[in-house]
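The block underneath contains the structure these notes are about, expressed in structure tokens.
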Amino acid sequence: MVGSTDRASDVALRAYCERMWPRLVGGLVLHCGDRVVAEELAQEALVRLWPRWDQVTAKGSPDAWLWTVALNLSRSKRRRRAVERRAQIRVGSASTTHSDPATAGAVAVHDAVAALPDRQRVRVDNRRAVRSTLTS
């Protein structure tokens, strides 16, 4: 008897996931603006629902539970990315700060050349190589 209840629960969960997937992904795309991220968030929310399916359905609103989890995951992801960006800025600004003006100038030139499109960067690098050969 327990086996048939578990099977019915599994069938209901599968049908629920199939029904909710497009709605959940669509709503999360609108929320976060990125389809790949939205699919990852939806997948994680559904994975978290799976072991709690019986308790969530007993409370009566699996949609509310699923949306809450998905939006919380999205907020957490956004916070983590913001922290990572701030850390990268701190590390990046610390590593490019130089007390020697000549070194700072060389770093600035290197960064400017690195930011150029490929064809322009190759030309600049070639000119720099020719100049260094001629002056040596």
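The values are calculated or read from the model by the stated rules, or taken from the named source; none is laboratory data. Keep in mind that this is a model prediction, so the values were computed, not measured. Neighbour counts run over all protein chains shown; Cβ positions are idealised from the backbone, glycine included.
Remarks
Every residue, every condition in (1) in contact (Cβ under 8 Å) with a residue 40 or more places away in the chain; (2) not hydroxyl-bearing (Ser, Thr, Tyr); (3) not assigned by TED's automatic domain parsing to the domain that holds ASN72, yes or no:
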residue: ARG23; (1), (2), (3): no, yes, no
residue: LEU28; (1), (2), (3): yes, yes, no
residue: ALA38; (1), (2), (3): no, yes, no
residue: GLU44; (1), (2), (3): no, yes, no
residue: THR57; (1), (2), (3): yes, no, no
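- Candidate set from the range 1-20 (those that are polar (S, T, N, Q) and under 13 Å from ASP54 (Cβ atoms)); member that is modelled with the highest pLDDT: SER9
- Restricting the range 13-52 to residues that are over 22 Å from the mean Cα position of the chain (by Cα) and among the aliphatic types (A, V, I, L, M) leaves a set whose member that is farthest from LYS77 (Cα to Cα) is ALA15.
- Some residue of the range 76-94 being farther than 28 Å from ALA8 by Cα, at pLDDT below 95 and among the hydroxyl-bearing types (Ser, Thr, Tyr): yes
- When the helices (runs of 4 or more DSSP H) confined to the range 1-94 are screened for residues that are of a type in the set (A, V, I, L, M), surrounded by 14 or more Cβ atoms within 10 Å (Cβ to Cβ) and at negative phi, those reaching at least 2 such residues are found at 2-32, 35-49.
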